[in-house]
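Asks: What follows is a single structure, and I will ask about it in a moment.
Derivation of every value follows stated rules applied to the coordinates shown; laboratory data play no part. Just so we're clear, the structure is a prediction, and the values are computed from it rather than from any experiment. Ideal geometry is used to build each Cβ from the backbone, glycine not excepted, and the neighbour counts take in all protein chains shown.
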Amino acid sequence: MAATPRELPTRLPKRLTGVGLAAAGAALFSLKGVVIKLAFAQGVGVDQLLTLRMLFSLPFYLVVGALAWRRLTIRPALRTFAVAAALGILSYYVSSYLNFMGLKYVSAQLERLILYIYPTMVACLAWLAYRQPVTRRHMTALALAYGGVVILFSSEIGRLGPQAWLGGGLIFAGAFLYAVYVTASKPVISAMGSLLFTSFAMSAASIVFLAQSALGLMISPPEPVSWNGIGLSFLLATVCTVAPSFMIAEAISRLGPGPMSAIGGIGPVVAAWAAVAILNEPFGWAHVCAMTMTMAGVWLLAKDPPQKNGVPE
């Protein structure tokens, strides 16, 4: 159904807010790799870091989830909660574990580059699941954003050597699972609301992982974690997990999975800046090209969509 002229001004702020949330969420998520690398340097293991991340983030999700539940006027079906829990475990547990393991072998910049190939997967999955059309603007934006990603990937793979393929494979598998989460979460978010969905999905994943970790601790107690490691874990849980997870869920709700994932192309740019400034990773012409192309793609999506007969194309 065509939109009336009165409806269009309402759609515009909703779209702009969604673009802002998607960009901010992607930027904060992109810092995750840098924080993980710093934690690894402090001697924190993958299982320890994941356990602390979920332990620190769980109270935030439980509180926000309880508040969102109280505001509901219509209770979603139990099946909806089951799907939300499954999606949370798939993304926050399995995908995160693969991503953390991959970061043992590759740089923070390369991790973010591989992870942000997932919009191409999302576009295919969204087309298969929802028959969501991929417009010329969307394809142009993706080509610009991820053309830059390919340039930087080609440069980094030669520097890191064979271990990049192992780490890259793990991160690629995690990216695919995250693409499934982004695509499948759209109808569940519509039924539950972004706050309740995110809180419930992440809480379910945290409880499952923490229960597993408790069993592991009884069998084989790990080495103690330094205070610096604990501080980095708290930063990872709050700034790089809780805050962006709510932003991304709301962006999916406002924009849909395709545009949200394309805007997420800003992530590699932020990751590159942080990796160079904090981890002293190299920076050259490939990085400049990648940042320029990625920002151009984000700008193309963020500006007002072209209209035909008063309706956005």
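Asks: Among the trypsin sites (Lys or Arg not before Pro) in the stretch 62-107, which ones are in a DSSP loop with at most 11 other Cβ atoms within 10 Å of the Cβ? Mind listing them?
Replies: Within the stretch 62-107, the qualifying trypsin sites (Lys or Arg not before Pro) (loop, at most 11 other Cβ atoms within 10 Å) are Arg71.
Asks: Next question, about the same structure. Give, rounded to the nearest 20 debye, the magnitude of the charge dipole that the chain has about its Cα centre when Lys and Arg contribute +1 at Cβ and Asp and Glu contribute -1 at Cβ.
Replies: Charge dipole of the chain: 960 debye, to the nearest 20.
Asks: Which of the helices in the chain, when you take each full DSSP H run, stretch at least 30 Å along the axis at their Cα atoms and have an average Kyte-Doolittle score of 1.0 or higher?
Replies: 46-70, 163-192, 194-219
Asks: Choose one of Phe197, Ala108, Ile207: the residue whose Cα lies farthest towards the positive end of the charge dipole of the stretch 30-312 (beta-carbon charges +1 Lys, Arg; -1 Asp, Glu; about the Cα centre).
Replies: Checked the options; the winner is Phe197.
Asks: Taking a ≥ b ≥ c as the square roots of the Cα gyration tensor eigenvalues, with a/c under 1.5 meaning rounded and otherwise prolate when a/b beats b/c, else oblate, which class fits the stretch 30-312?
Replies: Oblate is the answer for the stretch 30-312, as a/c is 1.5 or above yet b/c matches or exceeds a/b.
Asks: Within the set of other residues whose C-beta is less than 13 Å from the C-beta of Ile248, count the net charge using Lys and Arg as +1 and Asp and Glu as -1.
Replies: +2
Asks: Contact order normalised by length for the chain, with contacts defined as Cα pairs under 8 Å and 6 or more residues apart; what percent is it?
Replies: Rounded, it is 41 percent for the chain.
Asks: Same structure again: Could you put Met101, Met218 in order, starting from the residue whose Cβ has the fewest other Cβ atoms within 10 Å?
Replies: Met218, Met101
Asks: Excluding same-chain pairs closer than 8 in sequence, count the lysine pairs in the chain whose Cα atoms lie under 30 Å apart.
Replies: Lysine pairs meeting both conditions in the chain amount to 10.
Asks: Next question, about the same structure. How much mean residue ellipticity at 222 nm does the chain get from its helices, if each DSSP H run of length 4 or more adds -39500 (n - 2.57) and you divide by all residues, to the nearest 500 deg cm²/dmol?
Replies: The helix-only estimate for the chain comes to -25500 deg cm²/dmol at 222 nm.
Asks: Let me ask something additional. Any idea how far apart Met139 and Asp47 come out in nm if each label point goes 7 Å out from Cα toward Cβ?
Replies: Label-label distance for Met139 and Asp47, simple model: 4.8 nm.
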